[in-house]
Amino acid sequence: MENSNGSRRIILYARVSSEEQAKKGYSLSGQLRVLREHAEEANHEILEEVVDDGYEGDSLWRPGIDSIRRRVSEGGVDLVLATERDRIARKRGYAFVLEEEFREHGCALRALEDKEEESAEELLMRAIKDDFAEYEHAKIAQRTFSKKLEKARGGEIIAGRSPNYGFRYNERRNGYLVDEEKMSLVRRTFEMIGREGKTSYSVVRWLEGVDPFGPTGKGWNLPYVRKMIFNDLYRSLSFEEVKDRVPPEVAARLDPHKSYGIWWYNRRRFEPKRTPPKTPGDFKRKYKPIEKPRDEWIGIPVPDPGISAELADAARTRMKRNKAPSKNGRRYWELSGGVVRCAECGYVMGTTSSGTPTNDYFYYRCRSKYNVKSGCTNGRGVRADALEREVWEIVSSALRHPDRLRTGLEKTVEYRRESLTTMPDGQLARWAAEVQKAKAKRARYQDQEAEGLMTREELRTKLTELDETVDLAEAEIRILRGREKAIRELQRSGEELLERYARLVPEELDDLSPAERRHVHQLLQIEVWVPHEGEISIRLPFVTDRGGFRSEKLAS
Ligand SMILES: [Zn+2]
């Protein structure tokens, strides 16, 4: 297909990952210049130049690629051109998906390194290149890991973003030194929990008071304190105990009269949770940490934290006891798992009980007041049995109108799909730009501090602000990317709802076990909102035949 002048209409595409941005020879302008020269020589008509600045090649969900796909689908594009195959995608499968998709609209996808004709050899060559890009990437990762492993075996710490609280890095950033001021707070933490039996909540609040910055400049939270208690860094061992836990040549260098803590390396691996992509573009990856066998762990001795093993163990025992399921465990909570929410702070409500062993009262209640950051003031507890009864009444009556449910579901899916196709690329690009901006600023601030134009303290404040911006932007990006999946989930649960439950007669519905009811609530994606005072409301998605959700007030 050609335009009236006989030249091909093309889109130029360039990409750099955030890593590459820092390196030479990968610049966007460089890629574009080469592409333009080629286009001019071949007398192509350039329709558009599209770039993805700071995006990895292992996902197709990039603002630039997204807008190209849209443009190509509208027709009138003959060719999409990039400098190299791996600019388009690092994985062969992804590039093929795009190629197939574009071909349907009469458009080709090429890299300058490709040849024009599509012989079988050429296709094979291209596939090999795509595979190689993937292989190379994996290999670099492997090499980096091997280097780290070697360092750890030699007794070096692998520095992360910030040191564990109570320690600081030595000059070479390959070993820990005790930060006496902070370590004294860690010791106090162990005493409060291990000896004085203070709750972890109160310890977190105390820590917020004495060091508002906390471990990473963002304050304190429960999970961090919990991890601290169980971390062997904070459990002093004698030389005799340490020497069997670290590599022999490292042990040989230790002082037999001293005590040490242990920093573990190679404890976990991260396994990608992979589900086959159902639609092109769905390449989100999740990782779940899996603990490696104990004999693969590498122990690295660190200076004595000054917390006896006995105190550390006492604190751990306490912590475990706190975590053990309370007597709430005896009851089945139909509305648990994200259904009941605090209308004041938005958090999912927890469960509590009160009363005697023979006469219990069970409540849903907002627990986030114990979370220092939220500071929610909603102290209302809602009787569980009454709330569950009322909610079930509304839900089961909705199930008695399967036709309405089906239409409502279809309308909702349609609506969400529409908003998905009109929304993401602009917003994604905007948030991605925010992340880039913040990263650039970070470097500038550090330069200013190095030149003495800014104090350490000022730098710290600035960096904290930047981190927050980045966190927010990254969260937004995650949310946007999660929508597609949410729609599929909605469709799936809608079908299950209609097939399994909407056919039951009223008596059968009322015979469902609490566990099954809970399942229905989740399929329906209902939300129950509990304000500080006044009416509780329930949000029912797609139970109207117009789509969207219906909102109802509960009496309790
Ligand atoms: Zn709350």
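The values are calculated or read from the model by the stated rules, or taken from the named source; none is laboratory data. None of the values given here were measured: they were computed from a predicted structure. Positions of Cβ are backbone-derived with ideal geometry, glycine not excepted, and every protein chain shown enters the neighbour counts.
Some notes on this structure:
- In region 334-354, the residues that are modelled with pLDDT under 85 and either away from the ligand (no atom under 15 Å from the Cβ) or farther than 19 Å from Asn378 by Cα (or both): Ser336, Gly337, Ser353, Ser354
- Boolean, Ile157 is touching a residue at least 24 places away in the same chain (Cβ under 8 Å) and either surrounded by fewer than 16 Cβ atoms within 10 Å (Cβ to Cβ) or touching a helix residue (DSSP H, G or I) at 6+ places or on another chain (Cβ under 7 Å) (or both): no
- Residue identified as at pLDDT below 90, more than 30 Å from Glu458 (Cα to Cα) and surrounded by fewer than 14 Cβ atoms within 10 Å (Cβ to Cβ) among Lys147, Lys198: Lys147
- Residue list for region 448-485, restricted to those being at pLDDT below 80, surrounded by fewer than 16 Cβ atoms within 10 Å (Cβ to Cβ) and not β-branched (Val, Ile, Thr): Glu465, Glu468, Asp471, Leu472, Glu474, Ala475, Arg478, Gly482, Arg483, Lys485
- Considered as a group, the residues in region 96-133 that are among the basic types (Lys, Arg) and more than 14 Å from Ile68 (Cα to Cα) include one that is modelled with the lowest pLDDT, and that residue is Lys115.
- Cβ pairs under 8 Å, 6+ apart, first in region 333-344 and closer than 14 Å to Arg389 by Cα, second more than 16 Å from the ligand (Cβ to nearest atom) and in a strand (DSSP E or B): Trp333/Phe362
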